[in-house]
1. Pairing the Cα long axis of helix A:57-66 with the longest principal axis of chain A, what angle in degrees results, from 0 to 90 and rounded to the nearest 10?
2. Based on the mean of other Cβ atoms within 10 Å per residue, sort peptides B:18-25, A:253-260 so the most packed one is first.
3. Averaged over peptide B:18-28, how many Cβ atoms belonging to another chain are found within 10 Å of each residue's Cβ?
4. Given the Cα-Cα distance of residue A:194 and residue A:80 and 0.36 nm per residue of separation, how much length would full extension add, in nm?
5. Could you give the spread of the C-alpha atoms of region A:170-215 along their three principal axes, from largest to smallest, in whole angstroms?
6. Zone of residue B:36 (label point 7 Å along Cα→Cβ, backbone N under 13 Å): which residues in region B:1-30?
7. Taking one equal scatterer on every alpha-carbon of region A:126-172, how large is log10 of I(q)/I(0) by Debye at q = 0.15, 0.28, 0.30 1/Å?
8. Based only on Cα atoms, what Rg/Rh ratio does region A:1-105 have, Rh being taken as Kirkwood's radius?
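Every read-out reported here was derived from the displayed coordinates using simple, explicitly stated rules and does not represent laboratory data. From a predicted model like this one, the values you see are computed outputs, not experimental measurements. Because the Cβ atoms are built from the backbone with ideal geometry, glycine has one as well, and the counts that use them run over all protein chains shown.
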């Protein structure tokens with residue numbers, strides 16, 4: 001197995017890499033582990049003291065739940081694995097408070113957290129708008145969770161495609177083919193067609209070349225090579241997501257191995 | 001009513017970009033260029049922005065039932 005980094009953009013929270021010498025089952029296991037098993041922090045419980053805003057309590061609670069929180073995986077445990085048996089202690093949950101009165105636009109940055117490591121990733125996320133005389137006062141509990149119980153705990157998007165392998169035969173209408181595909185994927189030089197490999201990996205719609213060329217250009221998929229794309233929602237960075245996914249996969253296999261030995 | 005915290009389809013957090021977008025549109029900016037600049041690449045996220053109308057200030061004037 002081999003990994004080749006294609007691009008990494010910390011500002012956009014995006015990363016892509018090529019995975020060589022794997023099979024679809026493995027690639028999919030990694031993808032599913034990243035989306036469903038990697039743990040992140042999210043608000044799970046909201047206690048309203050006062051709410052005279054235009055929104056019902058449930059709507060505000062729902063909005064708060066979707067707010068992404070920076071996650072510190074070292075200090076927090078999953079509530080079900082914690083020593084307190086999920087009752088809620090300092091090692092598995094974090095309380096935050098919000099107090100505001102109108103006229104005012106309430107932002108996520110107004111959530112006061114006792115742990116400086118856990119705070120909203122995007123502070124200027126609008127929660128609700130208060131008119132004159134309207135008040136909002138609440139206490140929230142943030143816990144670690146997994147994407148398989150609610151997508152708010154999912155760390156981001158992970159997707160992959162098979163490595164495309166383009167074969168160009170005797171082409172008559174090179175210009176027409178290049179035009180039918182996303183710009184930059186095919187280049188025409190002196191009536192001949194060439195593939196730009198970097199551009200090819202960025203686009204998904206180059207399949208049109210097969211139709212337009214009438215069979216002279218074929219695109220096949222290599223089932224042992226994958227182009228992975230990782231997009232983080234901000235709780236963890238892209239590298240951490242894949243690392244954690246691999247770790248989760250490993251611990252699941254270990255548990256499986258143990259169970260086999262016991263039986 | 002108010003801009004959703006996340007995109008309905010893909011789950012990307014988008015609410016923090018709304019005010020920049022709204023300002024840009026008010027100044028007469030091109031919507032496509034604004035969305036590109038904000039990093040909203042997929043058409044699901046773009047649709048949320050293009051179809052959204054802020055109504056909370058109007059709705060807030062009436063009593064909750």
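1. That helix lies at roughly 50 degrees to the long axis.
2. Going by the mean number of other Cβ atoms within 10 Å, highest first, we get B:18-25, A:253-260.
3. Per-residue shielding by partner chains comes out at 1.
4. Fully extending the segment from residue A:194 to residue A:80 adds 35.5 nm.
5. 26, 21, 15
6. B:30
7. After summing over all Cα pairs, the log10 values are -0.76, -1.09, -1.13.
8. 1.10
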